[in-house]
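**Student:** Can you read through this structure? Questions will come right after.
The values are calculated or read from the model by the stated rules, or taken from the named source; none is laboratory data. Keep in mind that this is a model prediction, so the values were computed, not measured. All Cβ positions, glycine included, derive from the backbone under ideal geometry; neighbour counts span all protein chains shown.
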């Protein structure tokens with residue numbers, strides 16, 4: 001049985017050539033989501049990521065238990081970033097950052113299955129998952145670019161992406177979106193690959 005890899009099914013969204021800005025149409029997709037605020041190097045963010053992956057893998061195994069032919073690769077972590085004041089988030093103190101971390105879910109994952117997985121993880125791992133949700137998210141038209149290297153060095157890549165929009169008189173809309181293609185706990189900073197995405201209005 002072949003394992004479904006959604007990064008390959010949605011190559012235009014999750015596999016980019018280096019240093020090229022791509023314009024994409026992002027369809028509505030279902031995600032596991034957790035909201036939070038503060039420095040992503042802090043315990044709150046790290047704990048949230050752990051909770052999200054715990055439920056994501058529980059869902060994978062629950063779906064496979066129901067249908068042995070529905071195995072799939074868990075998708076990478078994604079994050080939306082902003083500040084409550086509406087300021088440019090990466091120009092402010094990290095303590096002021098707000099974020100939603102999320103993992104896209106395949107067809108076949110339902111609200112019912114999510115509730116079952118969340119309850120199982122809460123019971124087995126003694127975690128509070130009350131604020132985790134399963135919801136649809138739509139971005140529509142967006143521009144994106146691949147950043148290679150440490151997260152701390154993203155700024156020039158972000159500036160290039162926004163310059164691309166400004167040159168075409170397109171207005172950034174929606175929240176700054178990042179897709180983390182590597183596990184930062186297992187990958188050297190210089191080898192990290194991150195998709196930077198920005199929805200826009202023409």
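**Student:** Exactly one condition in (1) under 27 Å from residue 50 (Cα atoms); (2) modelled with pLDDT of 95 or more; (3) not in a loop (DSSP other than H, G, I, E, B) is not met by residue 152; state its number.
**Tutor:** (2)
**Student:** In the stretch 46-65, what count of residues is obtained for those that are touching a residue at least 12 places away in the same chain (Cβ under 8 Å) and over 13 Å from the mean Cα position of the chain (by Cα)?
**Tutor:** 9
**Student:** Looking only at the stretch 108-147, how many residues end up being closer than 17 Å to residue 65 by Cα and either assigned by TED's automatic domain parsing to the domain that holds residue 174 or in contact with a helix residue (DSSP H, G or I) (Cβ under 9 Å, 6 or more places away or on another chain) (or both)?
**Tutor:** 9
**Student:** Tell me which of these residue 166 doesn't satisfy, since it passes every other one: (1) in contact (Cβ under 8 Å) with a residue 12 or more places away in the chain; (2) outside any loop (DSSP other than H, G, I, E, B).
**Tutor:** (1)
**Student:** Does any residue of the stretch 172-192 turn out to be farther than 24 Å from residue 41 by Cα, surrounded by fewer than 16 Cβ atoms within 10 Å (Cβ to Cβ) and modelled with pLDDT under 95?
**Tutor:** Yes, there is a match, as at least one residue in the stretch 172-192 is farther than 24 Å from residue 41 by Cα, surrounded by fewer than 16 Cβ atoms within 10 Å (Cβ to Cβ) and modelled with pLDDT under 95.
**Student:** Would you point out which residue out of 78, 122, 85, 112 is assigned to a strand (DSSP E or B) and either closer than 30 Å to residue 198 by Cβ or without any contact (Cβ under 8 Å) to a residue 40 or more places away in the chain (or both)?
**Tutor:** 78
**Student:** Name every residue in the stretch 88-103 that is out of contact with any helix residue (DSSP H, G or I) (no Cβ under 6 Å at 6 or more places or on another chain) and either in a loop (DSSP other than H, G, I, E, B) or at pLDDT below 95 (or both), in order of residue number.
**Tutor:** Of everything in the stretch 88-103, those that are out of contact with any helix residue (DSSP H, G or I) (no Cβ under 6 Å at 6 or more places or on another chain) and either in a loop (DSSP other than H, G, I, E, B) or at pLDDT below 95 (or both) turn out to be 88, 89, 90, 91, 92, 93, 94, 95, 96, 98.
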